[in-house]
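Accompanying notes for the structure given below.
The values are calculated or read from the model by the stated rules, or taken from the named source; none is laboratory data. A quick note: this is a predicted structure, and the numbers were derived from the prediction, not measured. Positions of Cβ are generated from backbone atoms using ideal geometry, with glycine treated the same way; all protein chains shown enter the neighbour counts. Side chains are part of the model used for accessible areas, which takes the heavy atoms of the whole protein and leaves out ligands, DNA and RNA. Shrake-Rupley method; radii C 1.70, N 1.55, O 1.52, S 1.80 Å.
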Amino acid sequence: MKFKGPVFFSIMLVGLLVSAFHPLQTVDNAQKEAILMQSLLEGLKQLHYRPQKIDDNFSQKVYDLYLDRLDPARRWLTQKDVDQLQPFALQLDDEAAQGSFEFFDIALQLYEVGFEKSRRYYQEILDQPFDFTKQETINLDMEERPFAKDDAELKEYWRKSLKYDVLSRVYNAMKDQEEQKDQESQEEGEGKKTFAELEAEARKEVLKNFNDWYERIAKERRADHLSDYLNAITSTYDPHTNYFLPKDKENFDISMSGTLEGIGARLQTEGQYTKVSSIVPGGPAWKGKDLEVDDKIFMVAQGDEEPVDVTGFRIDDVVKLIRGKKGTEVKLTVKKLDGDTEIITITRDVVLLDEGYAKSALLDLPSVAKNVGYIRLPRFYADFNRRGGRSCATDVAREIQKLKENGVEEIILDLRNNGGGSLRDVVRMSGLFIEEGPIVQVKARGMDPDILRDTDPRVQFDGKLMVLVNSYSASASEILAAALQDYDRALIVGTGKSTFGKGTVQRFFDLDNALRGNSDIKPLGEVKLTIQKFYRVDGGSTQLRGVTPDIVLPDRFFELETGEQEAEYAMPWTEIAPVRYGQDVYRVKNRKELAAKSAERVEGNETFQLVAEDAKRLKSQRDDTIFSLDYDGYKGQRQQRQAEADQYKDLMTDIEALRIQNLPEDLESINSDESKVARNDEWIKNLKKDVYLEEALYILADMK
């Protein structure tokens with residue numbers, strides 16, 4: 001009997017883990033840690049898609065990663081401390097095999113000494129006013145900052161860093177005062193604070209934030225630090241393989257369970273920072289459009305209250321601060337991709353899940369394209385918890401049928417910012433546009449690829465098809481785009497050089513399954529590891545390279561490196577044998593000619609040219625990490641950056657000729673509720689400004 005597929009594979013893997021170890025006697029904490037290390041390494045060896053050889057090369061990678069994560073901002077350790085750790089650089093493989101933690105113990109001791117030393121530094125420095133007339137600079141790119149050579153240089157790091165924190169607060173406070181509406185009272189000096197008063201307040205706020213942060217860090221247990229060390233080990237395999245303490249697994253479930261109540265955003269931890277991983281369609285953050293994927297959240301404030309510095313917070317603590325009652329405000333201080341800091345105010349509200357479902361419209365661009373169907377799919381959703389639950393493949397099939405009943409012969413499927421989801425629905429949805437055939441290959445280590453096929457010979461839509469993607473179209477989105485591209489069934493148009501490039505599958509495994517009995521040392525935690533890779537039907541992987549669009553359009557992130565390629569130790573691109581595939585529905589022809597015509601239009605389109613300029617500005621600002629620490633110099637930099645940003649603030653304006661209409665059969669449902677009407681009006685309004693949609697219609701016309 002031949003078994004394939006992720007369910008059987010998962011059962012087999014758990015079996016491998018269970019058989020790995022024999023029952024143990026009662027153990028102390030040191031032995032428990034040794035067993036945990038052994039269980040983790042054995043699990044990685046048996047289950048990971050690409051197991052590593054535990055040798056000196058492995059040791060060096062773990063050493064470098066852990067050292068960087070132990071002190072990423074170079075706040076605690078000096079080069080003298082690092083020199084004490086250097087002899088272990090090529091010994092960690094031996095320690096791991098022996099279940100020894102000598103390196104970790106010494107590193108933790110040095111960290112604790114540096115932690116207490118730096119507490120004295122920041123309290124002493126913030127006790128005195130800063131001189132903001134002195135001309136000096138700071139480099140905010142922590143990756144370029146070496147470890148301080150001694151304590152004196154470390155204290156100087158702290159002085160400059162704290163001065164920058166206070167300076168940015170003073171600048172924002174001065175700016176707020178200048179922008180106050182009550183000009184008469186300002187002119188009379190009523191309520192206006194002096195620079196010295198604002199500076200004192202800023203130092204007090206920064207001191208409170210650091211005191212709170214240090215108090216939280218001081219409460220961390222040895223297990224928390226050990227988790228960081230074990231994750232330095234797992235991260236050398238690939239960026240999606242992680243160890244989770246039992247409580248950290250609960251935190252992960254919170255972040256992945258759907259939405260963060262109140263704003264509608266999903267967050268993830270990246271080093272000491274909390275990063276926005278996705279925006280939930282229909283939520284307040286999605287409506288506001290200011291918070292974006294990859295924004296790093298530094299501070300959270302409730303309304304007009306003092307902000308809390310969330311650097312170093314665990315994900316559940318950040319969630320608690322962001323959550324709140326409908327109608328209340330939360331202010332997030334974020335660092336954008338271009339390096340600028342921005343305060344974003346979001347009014348909490350109920351996250352409207354129906355905005356995450358597939359929906360369609362009719363598009364017209366007179367003299368160019370008429371009666372074109374448009375389907376927006378924000379995510380590949382599926383309800384596996386109940387029979388007959390909602391499925392995106394079923395919903396898209398329904399939208400296609402409605403569009404066909406309205407005489408549509410051309411469809412644009414919009415997968416921009418779609419982070420993926422249900423693999424089953426990818427296969428079914430791809431099958432809506434082709435006869436039966438293979439859609440994707442899923443390969444586990446040492447096994448033949450499992451070929452997932454569309455087995456339905458029906459073709460729900462046989463007309464011209466275009467798929468819109470961008471650099472945040474990931475996973476399931478990439479599988480669908482790749483399949484339709486390989487089949488020559490659809491033209492892929494992208495607003496980035498490629499899609500995200502995540503072509504791997506992860507599963508959680510409980511390390512307790514590796515031990516029979518021994519309840520006294522459980523729970524050990526869980527490991528999320530990469531067990532499979534996706535491959536296109538042509539044999540190439542979507543991993544790392546993503547899907548290269550047939551036609552590439554510029555967007556504001558065009559000059560920045562994004563996606564899987566930015567992750568350290570990402571799995572490589574590989575290929576396997578192709579499978580036989582083909583279709584007789586509709587074939588895209590003359591891709592190069594279509595791309596050339598589009599490029600010519602883009603060159604003459606003022607909006608696209610401004611977008612390209614803005615992309616270069618973002619790249620330049622991101623690379624420029626040197627900031628002045630005198631007030632006038634800092635103010636000049638901030639004002640110059642703001643002035644440059646303002647030039648590109650409202651690039652997307654109404655496209656007068658573009659007509660967007662709801663399907664007649666949708667109007668009754670839309671008009672049944674005032675909130676639905678408002679949301680629909682906003683959706684139509686945004687589509688009217690979408691220059692990429694306009695160009696897509698021109699490209700469809702060229703396809704004729």
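Inverting the mean 1/r over all pairs of different Cα atoms, compute the Kirkwood radius of segment 563-688 and quote it in Å.
Working: mean 1/r = 0.0475 Å⁻¹.
Final number for the Kirkwood radius of segment 563-688 is 21.0 Å.
Only bridges with both residues in segment 302-440 count here: give the DSSP antiparallel percent, nearest 5. Could you put the intermediate results ahead of the total?
On the way: 15 of 20 bridges.
Expressed as a percentage, antiparallel bridges in segment 302-440 total about 75.
Evaluate 2.2 N^0.38 Å with N set to the residue count of segment 293-356, then give the Cα radius of gyration divided by it.
Dividing the Cα Rg of segment 293-356 by 2.2 N^0.38 Å gives 1.16.
If you average the C-alpha positions of segment 308-345 and of segment 32-94 separately, how far apart do those two centres end up, in angstrom?
Cα centres, segment 308-345 to segment 32-94: 32 Å.
For segment 111-164 and segment 557-587, write down the distance between their C-alpha centroids in whole Å.
What the calculation gives is 44 Å, centre to centre.
Starting at the first residue of segment 497-509, write each ³J(HN,Hα) from the Karplus equation 6.51 cos²θ - 1.76 cosθ + 1.60 with θ = phi - 60°, in whole Hz, x for Gly and Pro.
These are the phi-based 3J(HN,Hα) values: 5, 7, 6, 4, x, 9, x, 10, 10, 10, 9, 8, 9 Hz.
Under 5 Å between amide hydrogens, which residues at least 5 positions from F558 or on another chain qualify, with H placed 1.01 Å from N in the peptide plane?
none
With charges set only on the Cβ (+1 for Lys and Arg, -1 for Asp and Glu), what does the dipole of the chain come to about its Cα centre, in debye to the nearest 20? Numbers along the way, then the final one.
Working: 100 positive and 128 negative charges, 467 e Å.
Here the chain has a charge dipole of around 2240 debye.
With unit charges on the beta carbons (Lys and Arg positive, Asp and Glu negative) and the dipole taken about the Cα centre of the chain, which residue among P572, I434, V300 sits farthest to the positive side?
Result: I434.
Ordered by residue, what ³J(HN,Hα) values in Hz, to whole numbers, does segment 537-544 give under the Karplus form 6.51 cos²θ - 1.76 cosθ + 1.60, where θ = phi - 60° and Gly and Pro are x?
My calculation for segment 537-544 gives 5, 7, x, x, 8, 8, 5, 6 Hz in order.
Please list, ordered by chain and number, the residues whose modelled amide H lies under 5 Å from the amide H of I439; skip anything fewer than 5 residues away on the same chain.
Sorted by chain and number, the residues that satisfy this are L452, R453, D454.
Could you give the radius of gyration (one decimal) and Dmax (whole number) of the Cα atoms in segment 417-512, in Å?
My reading of the Cα-based Rg and Dmax gives 14.5, 53 Å.
Relative to the Cα centre, what is the charge dipole magnitude of segment 335-473, using +1 at the beta carbon of each Lys and Arg, -1 at the beta carbon of each Asp and Glu, and rounding to the nearest 20 debye? Display every interim value, and only then the final one.
Details: 21 positive and 22 negative charges, 73 e Å.
Its charge dipole is roughly 360 debye.
Each residue of segment 34-43 in order: what ³J(HN,Hα) in whole Hz does its phi give by Karplus 6.51 cos²θ - 1.76 cosθ + 1.60, θ = phi - 60°, with x for Gly and Pro?
5, 5, 4, 4, 4, 5, 5, 5, 5, x
Accessible surface of R536 in the full protein assembly, 1.4 angstrom probe, to the nearest 10 Å²?
Roll a 1.4 Å probe over it and R536 shows about 30 Å².
Taking +1 at the Cβ of each Lys and Arg and -1 at the Cβ of each Asp and Glu, which of Y121, S39, F104 sits farthest along the dipole of the chain towards its positive end, judged by Cα position relative to the Cα centre?
S39
Using the 2.2 N^0.38 Å rule of thumb for compact globular proteins, work out how segment 103-212 stacks up: its C-alpha Rg over that value, please. Intermediate values should be presented prior to the final figure.
Working: Rg = 17.9 Å, N = 110, 2.2 N^0.38 = 13.1 Å.
The value comes to 1.36.
Jot down the per residue volume, in cubic angstrom and as a whole number, of the convex hull over the alpha-carbon atoms of the chain. Before the final figure, lay out the partial values.
Working: hull volume 127.6 nm³, N = 704.
Spread over its residues, the Cα hull of the chain gives 181 Å³ apiece.
For segment 649-704 and segment 392-433, compute the distance between their C-alpha centroids and round to whole Å.
18 Å
Among H240, G389, Y273, whose Cα lies farthest out toward the positive end of the dipole of the chain, if unit charges sit on the beta carbon of Lys, Arg (+1) and Asp, Glu (-1)?
G389
Ignoring ligands, DNA and RNA, what percent of the 1.4 Å accessible area of the chain is carbon and sulfur?
Working: 15560 of 32490 Å².
Summing carbon and sulfur atoms, their accessible area is 48 percent of the total for the chain.
Over the chain, what is the percentage of antiparallel beta bridges among all DSSP beta bridges, to the nearest 5? Kindly include the intermediate steps, with their values, before the conclusion.
Values: 58 of 75 bridges.
Percent antiparallel among DSSP bridges in the chain is about 75.
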